[in-house]
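Encoded as structure tokens, the structure appears first; notes follow it.
The values are calculated or read from the model by the stated rules, or taken from the named source; none is laboratory data. Quick caveat, the model's predicted, so the values are computed rather than measured. Glycine gets a Cβ as well: all are built from the backbone with ideal geometry, and neighbour counts include every protein chain shown.
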Amino acid sequence: MPLNFHHLKGLLPPPEGGLLGLERLRRSAVMAILFEAPDGLSVLLTRRAAGIPQGGEFCLPGGSMDLAKDSGPEECAKREAREEVGAQPDSLLLLGRLGTLVAPMGAVVDCVVAWRPQGLKGLKAAPEEVAEMVALPLISFLETPKEYEIQMEVRADCVESDGRTRWLLPVRELGLPDRYLVPWGRRRQRVLVFPTEHGPIWGLTAELLHALAHRLAPALRPKGPFLRGESDPE
């Protein structure tokens, strides 16, 4: 049994249920693979291959849940970790779940946390999905990230590829108020960004890593600089 396994496991919350409407949302699971490294407790990230969604960006191994294959988030995360980086299920000791992140664009992400005693040994990236693998010290995500905003809105219509407007919600046919003929529900959503020497880690991945680092803070130890600020020397 690896050092600190039970300590890490005890810091994670128990699984919770009760979210309604999950079947209507895009549900996925990712795996935070933790291991001991010279820089302390570290986490594996992948840079997605070019030509796939979010190509070139950093993320945790994971993907959409397949109801035909996955009995739950743990099975999905283990399957994706095996397919993307060659992490065999018997090489992973599941610590638990960080929790469920519900994103405003309709994505629901469960973050499964696992300990890999052998670290990166034996892992191999699937080139069709992963451009590179990077190990980063988890303590770095305790730092305050850069914070930005995006604006989101709801609209009843969309513009098709041929330029025609299509009403997804026929406002007038349904007798709804005219205020729904124009976009509504405008709200701003925060976006976290960790600038690193490898490139920016942002969005949902940054949210998950920031939350995980704070959850496991008692098990982390400092080892030196990681983040690069705008004023840092090249």
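Conditions (1) in contact (Cβ under 8 Å) with a residue 24 or more places away in the chain; (2) surrounded by fewer than 21 Cβ atoms within 10 Å (Cβ to Cβ); (3) part of a loop (DSSP other than H, G, I, E, B), marked per residue:
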{"site": "Ile33", "(1), (2), (3)": "yes, no, no"}
{"site": "Asp66", "(1), (2), (3)": "no, yes, yes"}
{"site": "Ala77", "(1), (2), (3)": "yes, no, no"}
{"site": "Glu132", "(1), (2), (3)": "yes, yes, no"}
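Just to be sure I understand the filter: pairs with C-beta atoms under 6 Å, separated by 6 or more residues or on different chains, first member in segment 172-183 and among the hydrophobic types (A, V, I, L, M, F, W, C), second member at pLDDT 95 or above. Which pairs pass? Pairs found: Leu181/Val171.
Looking at segment 61-83, can you tell me whether even one residue there is among the aliphatic types (A, V, I, L, M) and more than 24 Å from Leu25 (Cβ to Cβ)? No, because not a single residue in segment 61-83 is among the aliphatic types (A, V, I, L, M) and more than 24 Å from Leu25 (Cβ to Cβ).
Return yes when Pro117 is over 16 Å from the mean Cα position of the chain (by Cα), closer than 25 Å to Leu220 by Cα and part of a loop (DSSP other than H, G, I, E, B) and no when it is not. The answer is yes for Pro117. A count restricted to segment 173-193 and to residues that are more than 22 Å from Gln151 (Cα to Cα) and loosely packed, with under 11 Cβ neighbours inside 10 Å stands at 5. For Val108, are the conditions met, namely being assigned to a strand (DSSP E or B), modelled with pLDDT under 95 and surrounded by 10 or more Cβ atoms within 10 Å (Cβ to Cβ)? Against the criterion (assigned to a strand (DSSP E or B), modelled with pLDDT under 95 and surrounded by 10 or more Cβ atoms within 10 Å (Cβ to Cβ)), Val108 qualifies.
Return yes or no: is Glu84 part of a helix (DSSP H, G or I), modelled with pLDDT under 95 and either in contact with a strand residue (DSSP E or B) (Cβ under 9 Å, 6 or more places away or on another chain) or within 29 Å of Glu197 (Cα to Cα) (or both)? The answer is no for Glu84. Checking each residue in segment 1-25 for being at pLDDT 80 or above and exposed (fewer than 13 other Cβ atoms within 10 Å of the Cβ) picks out only Gly10. So which residues in segment 68-114 are under 13 Å from the mean Cα position of the chain (by Cα) and over 22 Å from Lys9 (Cα atoms), if there are any at all? Selection gives Val102, Ala103, Ala107, Val108. Can you confirm whether Pro53 is within 22 Å of Arg24 (Cβ to Cβ) and free of Cβ contacts under 8 Å to residues at least 40 places away in the same chain? Yes. Taken over segment 79-91, the criterion of being touching a residue at least 40 places away in the same chain (Cβ under 8 Å) and either of a type in the set (Val, Ile, Thr) or farther than 18 Å from Ala126 by Cα (or both) is satisfied by Val85 alone. One residue stands out in segment 153-172 among those that are surrounded by 12 or more Cβ atoms within 10 Å (Cβ to Cβ) and part of a strand (DSSP E or B): the one that is farthest from the chain's Cα centre (by Cα), namely Trp167. Taking the listed residues Ala206, Ala217, the one that is aliphatic (A, V, I, L, M) and modelled with pLDDT under 95 is Ala217, with no other qualifying.
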